[in-house]
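The values are calculated or read from the model by the stated rules, or taken from the named source; none is laboratory data. In this text, all values refer to a predicted model and were calculated from it rather than measured experimentally. Note: ideal-geometry Cβ built from the backbone for every residue, glycine included; neighbour counts use all protein chains shown. Keep in mind that these areas ignore ligands, DNA and RNA; they rest on the heavy atoms of the full protein, side chains included. Shrake-Rupley method; radii C 1.70, N 1.55, O 1.52, S 1.80 Å.
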Amino acid sequence: MSTRPTLPANRRPITIPGLFEMKRTGRPIVMVTAYDYPSARAAEAADVDMVLVGDSGAMTVLGYPSTVEVSTDEMLMLTKATRRGVEHALLVADLPFGSYEVSDEQAIATAVRFVKEAGADAVKLERGDPSSISRARAIVGAGVPVVGHVGLTPQSATSLGGYRAQGRSAESALRIASGAIGLQEAGCFSIVFEAVPSALTVELMAQMTVPIIGIGAGPATDGQVLVFHDLLGIREGLGARFVKRYASLQDEMAAGVSAYADDVRTGRYPGPQHGYSIEEPELEAFREALAAS
Ligand code: KIV
(Lines give C-alpha, C1' and ligand atoms only; values in the text may rest on other atoms or scores of the structure.)
Protein backbone atom coordinates (compact mmCIF):
# COMPACT_ATOMS: atom_id res chain seq x y z
CA MET A 1 0.00 0.00 0.00
CA SER A 2 1.31 3.44 -0.92
CA THR A 3 1.88 5.77 2.00
CA ARG A 4 2.13 8.79 -0.28
CA PRO A 5 -0.30 11.43 1.02
CA THR A 6 -3.18 12.41 -1.23
CA LEU A 7 -2.75 16.07 -2.03
CA PRO A 8 -5.62 18.37 -2.93
CA ALA A 9 -5.51 19.07 -6.68
CA ASN A 10 -6.24 22.78 -6.19
CA ARG A 11 -3.37 23.52 -3.83
CA ARG A 12 -2.45 27.18 -3.81
CA PRO A 13 0.91 28.60 -2.77
CA ILE A 14 1.07 29.44 0.93
CA THR A 15 1.18 33.18 1.49
CA ILE A 16 1.92 35.32 4.53
CA PRO A 17 -1.75 36.38 4.84
CA GLY A 18 -2.59 32.67 4.58
CA LEU A 19 -0.37 31.98 7.60
CA PHE A 20 -2.12 34.72 9.60
CA GLU A 21 -5.44 33.13 8.62
CA MET A 22 -4.18 29.77 9.90
CA LYS A 23 -3.24 31.44 13.18
CA ARG A 24 -6.67 33.07 13.38
CA THR A 25 -8.56 29.86 12.71
CA GLY A 26 -6.28 27.68 14.83
CA ARG A 27 -5.13 25.42 12.00
CA PRO A 28 -1.61 24.28 13.01
CA ILE A 29 1.18 25.49 10.73
CA VAL A 30 3.63 22.78 9.66
CA MET A 31 7.20 23.77 8.94
CA VAL A 32 10.15 21.51 8.19
CA THR A 33 13.71 22.18 7.15
CA ALA A 34 15.06 21.14 3.75
CA TYR A 35 18.43 21.67 2.15
CA ASP A 36 18.26 20.18 -1.34
CA TYR A 37 15.93 18.94 -4.09
CA PRO A 38 14.99 15.54 -2.58
CA SER A 39 14.25 16.93 0.88
CA ALA A 40 12.23 19.73 -0.73
CA ARG A 41 10.21 17.19 -2.73
CA ALA A 42 9.53 15.18 0.43
CA ALA A 43 8.29 18.34 2.15
CA GLU A 44 6.08 19.17 -0.84
CA ALA A 45 4.69 15.64 -0.97
CA ALA A 46 3.71 16.00 2.68
CA ASP A 47 1.98 19.31 1.87
CA VAL A 48 3.81 21.27 4.58
CA ASP A 49 3.09 24.99 4.89
CA MET A 50 6.59 26.37 5.33
CA VAL A 51 10.01 25.04 4.33
CA LEU A 52 13.06 26.43 6.11
CA VAL A 53 16.50 26.16 4.58
CA GLY A 54 17.97 26.20 8.06
CA ASP A 55 21.59 26.91 8.77
CA SER A 56 21.31 23.57 10.59
CA GLY A 57 22.28 22.40 7.07
CA ALA A 58 25.81 23.35 8.12
CA MET A 59 25.76 20.22 10.28
CA THR A 60 23.11 18.00 8.66
CA VAL A 61 24.36 18.13 5.09
CA LEU A 62 27.74 19.90 5.10
CA GLY A 63 29.27 18.17 8.11
CA TYR A 64 30.44 21.27 10.01
CA PRO A 65 30.57 21.00 13.81
CA SER A 66 28.12 23.90 14.30
CA THR A 67 26.05 26.41 12.35
CA VAL A 68 28.55 29.24 12.60
CA GLU A 69 30.92 27.93 9.94
CA VAL A 70 28.49 27.93 7.01
CA SER A 71 29.01 30.72 4.48
CA THR A 72 26.47 32.83 2.61
CA ASP A 73 27.46 31.21 -0.69
CA GLU A 74 26.93 27.74 0.77
CA MET A 75 23.51 28.73 2.15
CA LEU A 76 22.61 30.26 -1.22
CA MET A 77 23.47 27.01 -2.96
CA LEU A 78 21.33 24.98 -0.53
CA THR A 79 18.47 27.47 -0.94
CA LYS A 80 18.61 27.33 -4.74
CA ALA A 81 18.46 23.52 -4.72
CA THR A 82 15.54 23.59 -2.28
CA ARG A 83 13.73 26.25 -4.33
CA ARG A 84 13.75 23.91 -7.34
CA GLY A 85 11.76 21.39 -5.33
CA VAL A 86 9.33 23.66 -3.46
CA GLU A 87 6.18 24.70 -5.28
CA HIS A 88 3.52 25.50 -2.71
CA ALA A 89 5.14 25.94 0.68
CA LEU A 90 6.50 29.32 1.74
CA LEU A 91 10.29 29.10 1.43
CA VAL A 92 12.32 30.74 4.21
CA ALA A 93 16.12 30.86 4.19
CA ASP A 94 18.31 31.31 7.24
CA LEU A 95 20.76 34.20 7.16
CA PRO A 96 24.04 32.60 8.22
CA PHE A 97 26.15 33.85 11.10
CA GLY A 98 28.31 36.79 10.04
CA SER A 99 26.09 37.77 7.11
CA TYR A 100 23.90 40.32 8.91
CA GLU A 101 25.50 41.36 12.20
CA VAL A 102 27.82 44.10 10.92
CA SER A 103 25.21 46.68 9.88
CA ASP A 104 21.66 47.13 8.66
CA GLU A 105 23.12 47.67 5.17
CA GLN A 106 24.95 44.33 5.30
CA ALA A 107 21.78 42.62 6.48
CA ILE A 108 19.69 44.11 3.65
CA ALA A 109 22.31 43.21 1.04
CA THR A 110 22.46 39.58 2.23
CA ALA A 111 18.69 39.22 2.50
CA VAL A 112 18.22 40.59 -1.03
CA ARG A 113 20.69 37.98 -2.36
CA PHE A 114 18.59 35.18 -0.87
CA VAL A 115 15.49 36.52 -2.62
CA LYS A 116 17.04 37.51 -5.96
CA GLU A 117 19.65 34.80 -6.45
CA ALA A 118 18.10 31.85 -4.63
CA GLY A 119 14.35 32.51 -4.86
CA ALA A 120 13.60 32.58 -1.12
CA ASP A 121 10.22 34.02 -0.16
CA ALA A 122 11.54 35.24 3.20
CA VAL A 123 14.63 35.14 5.41
CA LYS A 124 15.12 34.23 9.05
CA LEU A 125 17.55 35.76 11.50
CA GLU A 126 18.43 34.83 15.08
CA ARG A 127 18.29 36.62 18.44
CA GLY A 128 16.04 39.31 19.85
CA ASP A 129 18.68 41.78 21.06
CA PRO A 130 18.50 45.43 19.91
CA SER A 131 20.90 44.93 17.01
CA SER A 132 18.99 41.91 15.59
CA ILE A 133 15.74 43.85 15.97
CA SER A 134 17.31 46.72 14.04
CA ARG A 135 18.43 44.30 11.28
CA ALA A 136 14.96 42.78 11.10
CA ARG A 137 13.38 46.24 10.78
CA ALA A 138 15.86 47.23 8.07
CA ILE A 139 15.29 44.06 6.02
CA VAL A 140 11.50 44.36 6.31
CA GLY A 141 11.87 48.02 5.29
CA ALA A 142 13.73 46.89 2.18
CA GLY A 143 10.75 44.73 1.23
CA VAL A 144 11.98 41.29 2.29
CA PRO A 145 9.72 39.38 4.72
CA VAL A 146 11.52 38.28 7.89
CA VAL A 147 11.05 35.47 10.41
CA GLY A 148 12.61 36.05 13.85
CA HIS A 149 14.07 33.37 16.12
CA VAL A 150 14.34 33.55 19.93
CA GLY A 151 15.11 31.19 22.80
CA LEU A 152 17.90 28.79 21.93
CA THR A 153 19.58 30.51 19.00
CA PRO A 154 22.32 28.13 17.83
CA GLN A 155 24.44 30.86 16.21
CA SER A 156 25.04 32.24 19.72
CA ALA A 157 25.14 28.88 21.53
CA THR A 158 28.55 29.68 23.00
CA SER A 159 27.28 32.79 24.79
CA LEU A 160 24.12 30.94 25.82
CA GLY A 161 26.16 28.26 27.59
CA GLY A 162 25.73 25.58 24.91
CA TYR A 163 22.76 23.92 23.23
CA ARG A 164 20.42 24.14 26.18
CA ALA A 165 16.88 25.29 26.90
CA GLN A 166 16.50 29.03 27.49
CA GLY A 167 14.01 31.05 29.54
CA ARG A 168 14.18 28.89 32.63
CA SER A 169 14.84 31.84 34.94
CA ALA A 170 12.65 34.92 35.18
CA GLU A 171 15.51 37.04 33.85
CA SER A 172 16.12 34.83 30.83
CA ALA A 173 12.34 34.53 30.19
CA LEU A 174 12.07 38.34 30.24
CA ARG A 175 14.89 38.59 27.69
CA ILE A 176 13.02 36.19 25.41
CA ALA A 177 9.77 38.12 25.86
CA SER A 178 11.37 41.45 25.01
CA GLY A 179 13.12 39.91 21.98
CA ALA A 180 9.93 38.33 20.66
CA ILE A 181 7.91 41.52 21.12
CA GLY A 182 10.70 43.64 19.64
CA LEU A 183 10.93 41.41 16.55
CA GLN A 184 7.17 41.47 16.15
CA GLU A 185 7.14 45.28 16.40
CA ALA A 186 10.01 45.44 13.90
CA GLY A 187 7.72 43.79 11.35
CA CYS A 188 8.67 40.09 11.47
CA PHE A 189 5.71 38.17 10.06
CA SER A 190 6.52 35.09 12.12
CA ILE A 191 8.86 34.08 14.96
CA VAL A 192 10.44 30.75 15.89
CA PHE A 193 10.55 29.91 19.61
CA GLU A 194 13.25 27.30 20.21
CA ALA A 195 13.81 25.25 23.38
CA VAL A 196 11.84 27.31 25.89
CA PRO A 197 9.60 26.00 28.68
CA SER A 198 6.08 25.15 27.47
CA ALA A 199 4.57 27.24 30.29
CA LEU A 200 6.60 30.27 29.20
CA THR A 201 5.30 29.84 25.64
CA VAL A 202 1.74 29.91 26.97
CA GLU A 203 2.46 33.23 28.71
CA LEU A 204 4.18 34.69 25.65
CA MET A 205 1.47 33.64 23.20
CA ALA A 206 -0.90 36.13 24.81
CA GLN A 207 1.37 38.91 23.47
CA MET A 208 2.00 37.51 20.02
CA THR A 209 -0.06 38.69 17.07
CA VAL A 210 2.13 37.03 14.40
CA PRO A 211 2.26 33.26 13.77
CA ILE A 212 4.64 31.60 16.23
CA ILE A 213 6.41 28.41 15.20
CA GLY A 214 7.77 26.27 18.01
CA ILE A 215 10.61 23.77 18.25
CA GLY A 216 10.87 22.43 21.76
CA ALA A 217 8.48 25.17 22.91
CA GLY A 218 5.44 23.02 23.73
CA PRO A 219 2.05 22.76 22.06
CA ALA A 220 0.79 26.34 22.53
CA THR A 221 2.45 27.83 19.44
CA ASP A 222 0.66 28.30 16.11
CA GLY A 223 2.85 25.70 14.43
CA GLN A 224 5.85 23.42 14.77
CA VAL A 225 9.15 23.03 12.99
CA LEU A 226 11.57 20.11 13.06
CA VAL A 227 14.85 19.48 11.31
CA PHE A 228 14.34 17.06 8.39
CA HIS A 229 17.34 14.92 9.35
CA ASP A 230 16.24 14.71 13.00
CA LEU A 231 12.68 13.61 12.31
CA LEU A 232 13.78 11.05 9.72
CA GLY A 233 16.74 9.74 11.72
CA ILE A 234 19.34 10.73 9.11
CA ARG A 235 21.94 11.25 11.80
CA GLU A 236 23.96 9.48 14.41
CA GLY A 237 22.60 9.75 17.95
CA LEU A 238 19.18 10.78 19.14
CA GLY A 239 19.37 14.58 19.07
CA ALA A 240 17.53 17.03 21.31
CA ARG A 241 14.77 16.09 23.75
CA PHE A 242 12.12 17.78 21.61
CA VAL A 243 12.80 15.65 18.52
CA LYS A 244 10.22 13.03 17.63
CA ARG A 245 11.70 10.50 15.25
CA TYR A 246 9.46 9.14 12.48
CA ALA A 247 12.00 6.96 10.63
CA SER A 248 15.56 5.66 10.92
CA LEU A 249 16.85 6.44 7.47
CA GLN A 250 20.53 6.63 8.46
CA ASP A 251 20.33 2.96 9.46
CA GLU A 252 18.42 2.11 6.29
CA MET A 253 20.94 3.96 4.12
CA ALA A 254 23.87 2.22 5.80
CA ALA A 255 22.13 -1.15 5.42
CA GLY A 256 21.44 -0.45 1.72
CA VAL A 257 25.02 0.58 0.96
CA SER A 258 26.34 -2.44 2.92
CA ALA A 259 24.13 -4.81 0.92
CA TYR A 260 25.39 -3.23 -2.32
CA ALA A 261 29.04 -3.49 -1.20
CA ASP A 262 28.45 -7.11 -0.27
CA ASP A 263 26.87 -7.84 -3.67
CA VAL A 264 29.82 -6.27 -5.52
CA ARG A 265 32.35 -8.17 -3.44
CA THR A 266 30.59 -11.51 -3.89
CA GLY A 267 29.78 -11.01 -7.60
CA ARG A 268 26.00 -10.88 -7.09
CA TYR A 269 25.95 -7.42 -8.66
CA PRO A 270 25.72 -6.61 -11.51
CA GLY A 271 23.49 -9.37 -12.86
CA PRO A 272 22.54 -9.91 -16.51
CA GLN A 273 19.46 -7.73 -16.04
CA HIS A 274 21.66 -4.75 -15.17
CA GLY A 275 23.64 -4.80 -18.43
CA TYR A 276 23.07 -3.62 -22.03
CA SER A 277 23.09 -5.88 -25.11
CA ILE A 278 24.68 -5.52 -28.53
CA GLU A 279 23.63 -7.53 -31.61
CA GLU A 280 26.11 -10.31 -32.41
CA PRO A 281 26.88 -9.03 -35.98
CA GLU A 282 27.74 -5.61 -34.55
CA LEU A 283 30.01 -7.17 -31.98
CA GLU A 284 31.67 -9.30 -34.64
CA ALA A 285 32.16 -6.25 -36.89
CA PHE A 286 33.69 -4.42 -33.98
CA ARG A 287 36.08 -7.32 -33.26
CA GLU A 288 37.20 -7.45 -36.91
CA ALA A 289 37.69 -3.67 -37.11
CA LEU A 290 39.66 -3.73 -33.88
CA ALA A 291 41.87 -6.56 -35.08
CA ALA A 292 42.53 -4.74 -38.39
CA SER A 293 43.44 -1.44 -36.75
O1 KIV B 1 18.53 26.06 11.31
C2 KIV B 1 17.47 25.52 11.64
O3 KIV B 1 17.18 24.37 11.30
C4 KIV B 1 16.56 26.27 12.49
C5 KIV B 1 15.38 25.56 13.05
C6 KIV B 1 15.79 24.66 14.13
C7 KIV B 1 14.32 26.49 13.47
O8 KIV B 1 16.78 27.41 12.74
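Values computed for the structure shown
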item	result
V264, V210, ranked by accessible area, largest first (probe 1.4 Å)	V264, V210
Candidate residues Y163, Y100: accessible-area rank, largest first, probe 1.4 Å	Y163, Y100
Most fluctuating residue given options P17, P96, P211, as computed from a GNM of the chain linking Cα atoms under 10 Å	P17
Over the stretch 191-283: Kirkwood hydrodynamic radius from C-alpha pairwise inverse distances, Å	17.3
Chymotrypsin sites (Phe, Trp or Tyr not before Pro) lying in DSSP loop within the stretch 208-252, provided at most 13 other Cβ fall within 10 Å	Y246
The chain, relative contact order [Cα under 8 Å, separation at least 6], %	14
Label-reachable residues, the stretch 35-75, where backbone N falls under 15 Å from a point 7 Å from A157's Cα toward its Cβ	54-70
Solvent-accessible ranking of K116, K23, largest area first, probe 1.4 Å	K116, K23
Space enclosed by the convex hull of the alpha-carbon atoms of the chain, per residue, Å³	207
Relative intensity, log₁₀ I(q)/I(0), of the stretch 72-191 from a Debye sum that treats every alpha carbon as a point, q = 0.16, 0.21 Å⁻¹	-0.73, -1.14
For the chain, built as a Gaussian network whose Cα springs stay under 10 Å, the top-fluctuating residue of I133, I234, I212	I234
Amide H partners (placed H, <5 Å) of K124, local residues excluded	A93, D94, L95, V147
S248-E185 FRET efficiency (beta carbon distance; Förster radius 41 Å; 0.05 resolution)	0.45
Most mobile of S198, S99, S169 in a GNM of the chain (Cα contacts under 10 Å)	S169
Per-residue SASA entry for L90, accessible area with 1.4 Å probe, Å² rounded to 10	10
Accessible-area composition of the stretch 150-256, carbon plus sulfur, in percent [1.4 Å probe]	55
Surface accessible to a 1.4 Å probe, H274 within the full protein complex, Å²	90
Carbon and sulfur %, accessible surface of the stretch 1-120 computed with the full protein complex present, 1.4 Å	58
Cα-based shape type of the stretch 154-204, given that a ≥ b ≥ c are square roots of the gyration tensor eigenvalues and the cut on a/c is 1.5	oblate
